[in-house]
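The values are calculated or read from the model by the stated rules, or taken from the named source; none is laboratory data. None of these values were measured; they are calculated from a predicted model. Reconstructed Cβ throughout: ideal geometry from the backbone, glycine too, with neighbour counts over all protein chains shown.
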C-alpha cells in the first residue's frame, strides 16, 4: 500500500484513502522553486513512511526534487552527519 503525496505551489497534501493532512505554504511550510502548473505527485510505500518521517524530523527541513526525466527525490539534509535521500520510482 502506498501513500499519496501531492505538492502544489500553495500546499503539500499527504494521505491514504480517506485519511490525509495538508501543510499550507506560509503557515506550515515553505514551498519554493518552479512548481509549474501541474502538481507534483509521488507515492511512497506505507512501510517506508517511518524511515522517511525520522529523516524529516532529524533534518527539520526537506527538499523535494522532481523533473520530467528523473523520479521524484526527497532530500533530508542534517549536517555534519550527512544526508538521507529517498527516490520514488
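Quick one: is residue 77 in a strand (DSSP E or B), in contact with a strand residue (DSSP E or B) (Cβ under 9 Å, 6 or more places away or on another chain), in contact (Cβ under 8 Å) with a residue 12 or more places away in the chain and loosely packed, with under 15 Cβ neighbours inside 10 Å? So residue 77 does not fit the description; no.
Please specify each residue of the stretch 19-47 satisfying the condition of being more than 20 Å from residue 9 (Cα to Cα) and surrounded by 14 or more Cβ atoms within 10 Å (Cβ to Cβ). Hit for the stretch 19-47 is 44, nothing else.
Restricting attention to the stretch 6-42, the residues that are at pLDDT 85 or above and under 17 Å from residue 68 (Cα atoms) total 3.
If you go through the stretch 23-35 and pick out every residue that is farther than 22 Å from residue 73 by Cβ and either part of a strand (DSSP E or B) or touching a residue at least 40 places away in the same chain (Cβ under 8 Å) (or both), you end up with 1. Checked against (1) touching a strand residue (DSSP E or B) at 6+ places or on another chain (Cβ under 8 Å); (2) surrounded by 11 or more Cβ atoms within 10 Å (Cβ to Cβ); (3) not in a strand (DSSP E or B), residue 89 passes all but a single condition, namely (2).
In the stretch 48-70, the residue that is nearest to the chain's Cα centre (by Cα) out of those that are surrounded by 11 or more Cβ atoms within 10 Å (Cβ to Cβ) and either touching a residue at least 60 places away in the same chain (Cβ under 8 Å) or in a loop (DSSP other than H, G, I, E, B) (or both) is 62. Within the bounds of the stretch 7-17, is there any residue that is on the phi > 0 side of the Ramachandran plot and in a loop (DSSP other than H, G, I, E, B)? Yes; the residues of the stretch 7-17 include at least one that is on the phi > 0 side of the Ramachandran plot and in a loop (DSSP other than H, G, I, E, B). Of note, residue 83 satisfies the criterion of being more than 13 Å from the chain's Cα centre (by Cα), without any contact (Cβ under 8 Å) to a residue 40 or more places away in the chain and part of a strand (DSSP E or B). Residues that are in contact with a helix residue (DSSP H, G or I) (Cβ under 9 Å, 6 or more places away or on another chain) and surrounded by 11 or more Cβ atoms within 10 Å (Cβ to Cβ) were ranked within the stretch 1-13; the one that is farthest from residue 62 (Cα to Cα) is 2.
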